[in-house]
1. Return the pair list, or none, for Cβ contacts closer than 9 Å from residues in the range 418-429 that are within 15 Å of residue 50 (Cβ to Cβ) to residues that are part of a helix (DSSP H, G or I) and of a type in the set (Gly, Ala, Ser), at least 6 apart or on different chains.
2. Can you name every one of the strands (runs of 3 or more DSSP E) wholly within the range 258-323 that holds 2 or more residues which are touching a helix residue (DSSP H, G or I) at 6+ places or on another chain (Cβ under 7 Å) and surrounded by 15 or more Cβ atoms within 10 Å (Cβ to Cβ)?
3. Which pairs do you get when a residue that is within 16 Å of the ligand (Cβ to nearest atom), found in the range 265-279, comes within reach of a residue that is hydroxyl-bearing (Ser, Thr, Tyr), reach meaning Cβ atoms under 6 angstrom, with the pair 6+ apart or on two chains?
4. Might you check whether a residue that is of a type in the set (Val, Ile, Thr), surrounded by fewer than 18 Cβ atoms within 10 Å (Cβ to Cβ) and modelled with pLDDT of 90 or more occurs anywhere in the range 379-396?
5. Please pick out the residue among 216, 212 that is surrounded by 24 or more Cβ atoms within 10 Å (Cβ to Cβ) and under 30 Å from residue 338 (Cα atoms).
6. With part of a loop (DSSP other than H, G, I, E, B), away from the ligand (no atom under 16 Å from the Cβ) and among the β-branched types (Val, Ile, Thr) as the only criterion, which of 196, 204 stands out?
Amino acid sequence: MSEVSVLKPKILIVGGGAGGLELATRLGNSLGKRQLAEITLIDQYRVHLWKPLLHEVVAGSLDTGMEALSYRAHSADNHYYFRMGSLIGLDKDAKKITLAPLLDHHGKQVLGERQLDYDYLVIAVGARSNDFGIEGVRDHCFTLDNAHEAEDFHLSFLNKFLQFSETGNETDAVHIAIVGAGATGVELSAELYNAVDRLEQFGVKKVHHSSLKVTLIEAAPRILPVLPESLSEKAQQTLTDLGVDIQTQVTVKKVAENQLSMVKNDQASTLNADFLVWAAGVQAPPFLSTLGLPTNRIHQIEITPTLTVKGEDAIFAIGDCAFLLNNPDGTLENPRPVPPTAQAAHQMAEVLAMNLAAKINNQPVTPFVYNDHGSLVSLSRFQTLGSLIDSLFKKNLMVEGKLAHWAYASLYRQHQFTLHGFWKTLGLILANIIEKRLKPRLKLY
Ligand SMILES: Cc1cc2nc3c(=O)[nH]c(=O)nc-3n(C[C@H](O)[C@H](O)[C@H](O)COP(=O)(O)OP(=O)(O)OC[C@H]3O[C@@H](n4cnc5c(N)ncnc54)[C@H](O)[C@@H]3O)c2cc1C
């Protein structure tokens, strides 16, 4: 890109996830390409991996090398700049943000603390698992907050089964306890059984389907508590058939190494497992509550329907880190929070791209209205199910099987389409199909 003029408005987007990366791409290809604004995306990592794929990374069904996108290369093709760094501070009066010193993997400093100025700032730093202050969660549980954590769990999983095949007893099992039976916990449970079936197909000694024992723990009376009951029942049946032990109305009180202390109906108990996974709810990064912006109890930034932060006119927030009460039909009665989903982050990016262009051109902005298209849950190759919302008739349509699988996959394809355009996405789909034929169905490294 050519050297930019100082008069162009500077738009800084912090966080290159489902929302931020889509926004940078849209703005780059509109304002950036026509030299109407200088767009800069900042992320703490060099590559982007779409978060809903993380449970597949854990199980090895997905190769991060194939799906990860390099911010640097993508920015060059899409008329925006990329800076690597981690947001730690904000000076609203001076319109500057502060990035933490950048350290390499040995902890050695690569870059010192930096300050970047902006005319418009977008915060899109996502969310992470919420430990609700429960002792031991951070020290003893795996979480699926980013690709590094998912890869780490994947390697530990492979090593455990290597150990099991060499030294284990055929009648034993590797035990994984997953806390939280929302979409992440449910999808991960099924994906792990898929991985073990593949290990058996590869002839790993002593390993078969029953070599894995997953316990899924949920505080609510049923799994997938925010989805319709009929879906939850079907998912429960599929998981039970796979061998998952589902325990509902159980509250985890404390976590120690390989052990959960739990309470059900006032009865205390403990559960021992080889791996503990925490997938029980999300919170925005706590540092957001130190920036001088209005935040809620889980550190999400409070925004208005124009996606501006309450009380600010040059700072915006989108995606999981933003809190907005909204009604799908645009009415103001009984509004509900926009859910922390890729679907919502994508819709917010779409509207904010239009609004930032409108702001720069002194045009009126459009209020954001969340459009719930439904929810889908993929139980690996065993089942996909969900409910799609027919926006014309305002009806919930229950779907499963091939149609549900297609609808589930289309959410990721839509993300790729926004990032790469039609032809490159088509190329990536074909490359995926070829790769699946040529390579093992499980990543074994
Ligand atoms: C296993 C799993 C399965 C899921 N499945 C689904 C699904 O099926 N459907 C669905 O709609 N949603 C799903 N979700 C939720 C979905 O992934 C999130 O809602 C979505 O990614 C939110 O987008 P975002 O842009 O707000 O944040 P993210 O996609 O999380 O991106 C945040 C970005 O900010 C960067 N960042 C964080 N802190 C800083 C900092 N201080 N400085 C600089 N950069 C920073 C991160 O590196 C990251 O790139 C799933 C989530 C998980 C974990």
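1. As it stands, the answer is 418/349; 420/427, since those pairs meet every condition given.
2. 275-278
3. 278/129; 278/143; 279/184
4. no
5. Numbers: 212 fails: under 30 Å from residue 338 (Cα atoms).
Of the residues listed, the single one that is surrounded by 24 or more Cβ atoms within 10 Å (Cβ to Cβ) and under 30 Å from residue 338 (Cα atoms) is 216.
6. Working: 196 fails: part of a loop (DSSP other than H, G, I, E, B).
Among 196, 204, only 204 is part of a loop (DSSP other than H, G, I, E, B), away from the ligand (no atom under 16 Å from the Cβ) and among the β-branched types (Val, Ile, Thr).
Matching residues to (1) of a type in the set (S, T, N, Q); (2) near the ligand (Cβ under 10 Å from one of its atoms):
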| residue | (1), (2) |
| --- | --- |
| 293 | no, no |
| 297 | no, no |
| 309 | no, no |
| 321 | no, yes |
| 334 | yes, no |
| 340 | no, yes |
| 351 | no, no |
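To keep it simple, each residue is scored yes or no on (1) farther than 26 Å from residue 310 by Cβ; (2) modelled with pLDDT under 95.
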{"position": "73", "(1), (2)": "yes, no"}
{"position": "82", "(1), (2)": "yes, no"}
{"position": "92", "(1), (2)": "no, no"}
{"position": "97", "(1), (2)": "no, no"}
{"position": "106", "(1), (2)": "yes, yes"}
{"position": "109", "(1), (2)": "yes, no"}
{"position": "121", "(1), (2)": "no, no"}
{"position": "125", "(1), (2)": "no, no"}
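The values are calculated or read from the model by the stated rules, or taken from the named source; none is laboratory data. Keep in mind it's a predicted model, so treat the numbers as computed, not measured. Note: ideal-geometry Cβ built from the backbone for every residue, glycine included; neighbour counts use all protein chains shown.
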